[in-house]
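All remarks here apply to the structure that follows.
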Amino acid sequence: MLIGRSEELEYLKGYYEKAGSHLLIFYGQRYIGKTAILREFTRGKPYCYHMAKSCSGEEQLAELGKLRERTGNSSGDKEVIIVEEFHRMVRNGGEVTEALFGLSGGAAGENGVLVILTSPCIGWVENRMVSAAGKAARNISDVFKVRELDFRYMAECFPAYSARQRMEVYGALGGMAGWWQLFSGRCSVKENVCRTVLEGGGMLHRMADALLSEELREPAVYNTILAALASGKEKLNELYLSTGYSRAKLSVYLGNLAEMNWVEKVYSLDTGKKGGKPGAKDGAKKGIYRICNHYVRYYYTYIYGGDDRLFRMSPERYYNTYILPDRDRYMEEPFREICRQHMELCAGRGELPVKARRIGSWTGKTGNIDIVVQGEDGKNLLALCRISRRGISYEEYKGLLETAKKAGFGADYVWLYGELFDERIVRDAEHNGNLTLIDIRDM
C-alpha cells in the first residue's frame, strides 16, 4: 500500500495527460520510495523499465538500443519509459547522454511518451547534472524532488502503535518510506530496532556506512565529522577542535553532506527588533550544523563506535542499557521536527492564530525557542516542545517567555506540546486564550 504520495502521483499524472512527449527528472534520497511511487503510477499503463548499470559507454548504448526496441505498444495509450540510476549513464557523457535524453524524441507514436529518469544523487542533480548533460539537457521538461514523508503518515503504516511509539520509530528512521517497510507493526519498537538496526545482519545495521561509501570518497573523514555532530558538536569551531580538520576542509565536507540531505546548517530567525541592524539576531548563535537525517543521527549516536559493546551484549540488553535510558534526550530533536510539521499542517489549513509569513526556530546563547511562527501582521506564535514524560513545568513555560523577551520576539501566542502540564499552566490556559496546550498523545 502506497502511503502519502498523492502529490507525486498527481504530478506524474499531469505530465502523462499532457499532449506530446516529455522527459522528467525524478530524484530523491535512496530508499525514500521513488520506485514504489513509479510502480503505483504505471499500474495499468504501457511502460518499459531499465536500471542503468555502471559499465562501459558501449554497453550502455547497447542497453539503450534494447530499451528502444521494447518501446511501442498497440493500445494507442501514451507509453512510460523509466530509467533508474540514470546518473550512471550521463557521467559517461557524449553519445550515451545524447541517446538517453533523446528517448522522448523520435518515433514516439501518436500520443508521445513520458520518460522518467531517477537518481538518488541529490547534489549532483541539483548542481552538476545540467553541465554534465550539455546540450542534451534542453530535452528536460521538468525536475521533481521526492521528499521524506511527514510523521502524520506513520499512523497509516503503524495503526496499532501509540503516538509516542510512532514518534520513536520516526526518530530512528525519519520519513524514509522504504525503511518503514522493514519494521513490523505487530512487533514492539524495541523488537524492530533490535532485529533491524542492532543485529549484525540487520538490514539497517550498516546502511549508513554503505550509503556513505557509495556516494562519497574518504568515508573515514565523513565518519569522523558525523560522529562529532552526533555527540553535540554543532558549531564549526567545535567541529574543528573535535576532529582536527581545518575549518576550510570542514566547510567543504559539510557541504557535501548537505547535498545528500544528511546535514543542514540552521540559522535563527531574525527578531525584527526595532533599532537593530537589518537581520540582527540579539543574543542568537551563528549558524549551527545538525544531522537532519534521523536514521543517520540514530546510527552515529548508538551504533557507530559501539561495536565492542554490541559484540559482548545481546541486542536486547544493548537497547535496554544504552538506548532506552537516553530515549527522551535523543527524541528532543525529532520531536521538534514533528511539532513543526504539525504547525505547518495547521498553517496550510488556516488553523493558526496568525497567517504565517515564516516558520523557523531561534537558538540563543542563553536559551532556545523551539518554533517561531512570524505572522504577516507582525505578531508571533511561539512553541515549546517537550516529549519527556515529566511534562512541561511552569518554570519552563516562564523561561520561554523570558527568552522571547531577551531575543526581541513578542509572545503574542504560545503553543505548548507535551504529555503533562503543570497545574499552573493549565489554569493560565483556561483564562488566557492566547495559550494553547497540545497533548502529544493526540498527534
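The values are calculated or read from the model by the stated rules, or taken from the named source; none is laboratory data. As the structure is a computational prediction, the values presented were derived from the model and not from experiment. Here the Cβ positions follow ideal geometry from the backbone for every residue, glycine too, while neighbour counts run over all protein chains shown. Each accessible area value is taken on the protein alone, full model and side chains, heavy atoms only, with ligands, DNA and RNA left out. Shrake-Rupley method; radii C 1.70, N 1.55, O 1.52, S 1.80 Å.
State all residues of region 36-58 that are in contact with a strand residue (DSSP E or B) (Cβ under 7 Å, 6 or more places away or on another chain), over 14 Å from Phe26 (Cβ atoms) and in a loop (DSSP other than H, G, I, E, B); if no residue qualifies, say none.
The answer is Lys45, Pro46.
Conditions (1) in a strand (DSSP E or B); (2) modelled with pLDDT of 95 or more; (3) touching a helix residue (DSSP H, G or I) at 6+ places or on another chain (Cβ under 9 Å); (4) surrounded by 14 or more Cβ atoms within 10 Å (Cβ to Cβ), marked per residue:
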residue: Arg336; (1), (2), (3), (4): no, yes, no, yes
residue: His342; (1), (2), (3), (4): no, yes, yes, yes
residue: Leu352; (1), (2), (3), (4): no, yes, yes, yes
residue: Thr363; (1), (2), (3), (4): yes, no, no, yes
residue: Thr366; (1), (2), (3), (4): no, no, yes, no
residue: Gln374; (1), (2), (3), (4): yes, yes, no, yes
residue: Gly378; (1), (2), (3), (4): no, no, no, no
residue: Leu382; (1), (2), (3), (4): yes, yes, yes, yes
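Evaluate region 68-80: report whether one residue or more is at pLDDT 95 or above, within 26 Å of Arg217 (Cα to Cα) and surrounded by 18 or more Cβ atoms within 10 Å (Cβ to Cβ).
No, that holds for no residue.
Restricting the search to region 287-334, which residues are of a type in the set (Asp, Glu), open to solvent by less than 50 Å² (accessible area, probe 1.4 Å) and more than 22 Å from the chain's Cα centre (by Cα)?
Within region 287-334, just Asp326 meets the criteria.
Take region 156-181 and flag every residue that is under 18 Å from the mean Cα position of the chain (by Cα), open to solvent by 10 Å² or more (accessible area, probe 1.4 Å) and not polar (S, T, N, Q).
Answer for region 156-181, where residues must be under 18 Å from the mean Cα position of the chain (by Cα), open to solvent by 10 Å² or more (accessible area, probe 1.4 Å) and not polar (S, T, N, Q): Cys157, Arg166, Glu168, Ala177, Gly178.
Any idea how many residues of region 256-284 are over 17 Å from Asn237 (Cβ atoms) and modelled with pLDDT of 75 or more?
Selection size over region 256-284: 11.
When you look at Asp77, is it under 24 Å from the mean Cα position of the chain (by Cα) and either in contact (Cβ under 8 Å) with a residue 24 or more places away in the chain or more than 22 Å from Glu8 (Cβ to Cβ) (or both), yes or no?
no
For region 182-206, which positions are open to solvent by 20 Å² or more (accessible area, probe 1.4 Å) and under 20 Å from the mean Cα position of the chain (by Cα)?
The answer is Leu182, Met203, Arg206.
Of the residues in region 130-144, how many are open to solvent by less than 40 Å² (accessible area, probe 1.4 Å) and under 27 Å from His294 (Cα atoms)?
Matching residues across region 130-144 total 1.
When you check Gly123 against the structure, is it surrounded by fewer than 16 Cβ atoms within 10 Å (Cβ to Cβ), at pLDDT below 95 and not acidic (Asp, Glu), yes or no?
When the stated conditions are applied, Gly123 does not pass them.
Identify all residues within region 175-196 that are within 15 Å of Tyr318 (Cβ to Cβ), out of contact with any helix residue (DSSP H, G or I) (no Cβ under 7 Å at 6 or more places or on another chain) and touching a residue at least 12 places away in the same chain (Cβ under 8 Å); write none if there are none.
Asn192, Arg195, Thr196
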